[in-house]
Each structure stands twice: as C-alpha cells, then as structure tokens.
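Laboratory data are not the source of any read-out in this text; all were calculated from the coordinates shown. What you see is a predicted model; the values in this text were computed from it and never measured. Using ideal geometry, Cβ is built from the backbone for each residue, glycine included, and neighbour counts are taken over all protein chains shown.
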Amino acid sequence: MNVRTTLLAAVLVAVPAAGSAQTISPADASASSKAYYGIVSKWIAASADKMPDEHFAFKPTPEVRSFAQLLGHIADSQYQICAMALGEKAPASDVEKTKTTKAELTKALGAAFAYCNQAHATLAGPKGAELADGFGAKHPRVGFLYFNSMHAFEHYGNVITYLRIKGIVPPSSEPRKPTSNQ
C-alpha cells in the first residue's frame, strides 16, 4: 500500500458515512490522527534533509518566510498545538527566530515531532476524548492533534513550493519503492 492509499484508507476509517449514526472509539480516533501525523511529519523531516544547507535562507519572494523560518514555524507550532492537546504549557521553543542552519532545524524538528508523538501516545484511548480549552472553545483533545496534522500538511504544501523552485523532488512525489510483499 503506498502512502496516498494509506492516507485515503485512514480517512475512510476515521470518517463515518454521511447520515450514519456510527461512531468510532477514542482509541480509533487517536490511531487515525497518529496515522496522518506520521505521514506529514515524515515528509517534512525528509524535506529538511533534502534541501541543501545553503538554501535554508532562500525566500521565493521577499515577503514570505525563508525555508529555515518555515521549518522553524512548523517546529514551534508542534509544541504549541500539542501542548494544548495535553493541557500543558508549551515548552519554550522560538525555533523560527533562533535557528537558521540545516543542522539546527533538523534537530529542532525532530524534538518537536517527538513531543507530538508523545502527545499521540498519551491521548490514545479515553483521555483523547476529554474536552480541553483552545482557540476560544472546548474541543476533544484528539481534535487538537488532527488540527496539528492539518496545519503541518498546510505548511508542507509551502515546503513543496520551496523544494520545486530549487529543482528538488518533494518526498511525497518520489517514485514509490517496491516492497518485499509485491
């Protein structure tokens, strides 16, 4: 199963048919959220690895973030949103404003992704269905994790643009590698 098929399968499992009275368990909702997050965090990390260090200062236009700032924003938002999900204060990060090199940013992204992976593990099961405050309303904790994945996918779209301008094939567009069960 390729990544796109896996993502589609996760959507179909997570979202009951329209008009259906069916629900999914908190554990299933958490597993679905974790699947989305696993895909996008892998692609973002691979994108950081693929971009040469000398292009981390690159901006497609003067008005937008540099590639480094974009990755820093992604790292910072991981901490902020996953902390909301956990109901705790976000760890101080300020990656967007303090990290500029490939080495610094890949390390910061790895730490931010690990923090959110821990949030997914912590919120698997009934705790993920608990309501928490954020964005001016109460939401199920696992909802913050879905939002985090959506936000990361949104910025992965930006990352793709930076890579393409530099002639680099994004991880999500690389040819699929054959698996041993094919």
Query raised in the report: With charges set only on the Cβ (+1 for Lys and Arg, -1 for Asp and Glu), what does the dipole of region 28-172 come to about its Cα centre, in debye to the nearest 20?
Result: 180
Query raised in the report: Hey, how many Å between the Cα centroid of region 65-108 and the Cα centroid of region 120-182?
Result: 15
Query raised in the report: In terms of modelled amide H atoms, which long-range or inter-chain residues lie less than 5 Å from the amide H of Ala132?
Result: His139, Arg141
Query raised in the report: Give me the Kirkwood hydrodynamic radius of region 114-154 in Å, from all C-alpha pairs, to one decimal place?
Result: 10.5
Query raised in the report: Is the shape of the chain best called rounded, prolate or oblate, per the rule: a/c under 1.5 gives rounded, else a/b larger than b/c gives prolate, else oblate, with a ≥ b ≥ c the square roots of the Cα gyration tensor eigenvalues?
Result: oblate
Query - Sorted by Cβ density within 10 Å, fewest first, the residues Arg176, Arg65, Arg164, Arg141 - result: Arg176, Arg164, Arg65, Arg141
Report summary line: For the chain, the helices passing both cut-offs (Cα extent along own axis of 15 Å or more, Kyte-Doolittle mean at least 0.5, full DSSP H runs) are 3-14, 67-86
Query raised in the report: Residue farthest toward the positive end of the dipole of region 28-172, with Cβ of Lys/Arg at +1 and Asp/Glu at -1: which of His73, His55, Ala111?
Result: His55
Query raised in the report: If you take the square roots of the eigenvalues of the alpha-carbon gyration tensor of region 57-132 and sort them as a ≥ b ≥ c, do you get rounded (a/c under 1.5), prolate (a/b over b/c) or oblate?
Result: prolate
Query raised in the report: For the chain, what does -39500 (n - 2.57) per DSSP helix run (n ≥ 4), summed and divided by total residues, give at 222 nm, in deg cm²/dmol to the nearest 500?
Result: -20000 deg cm²/dmol
Query - Value of D in µm² per second that Stokes-Einstein yields for region 103-182, Kirkwood Rh from Cα pairs, at 20 °C (1.002 mPa s) - result: 139
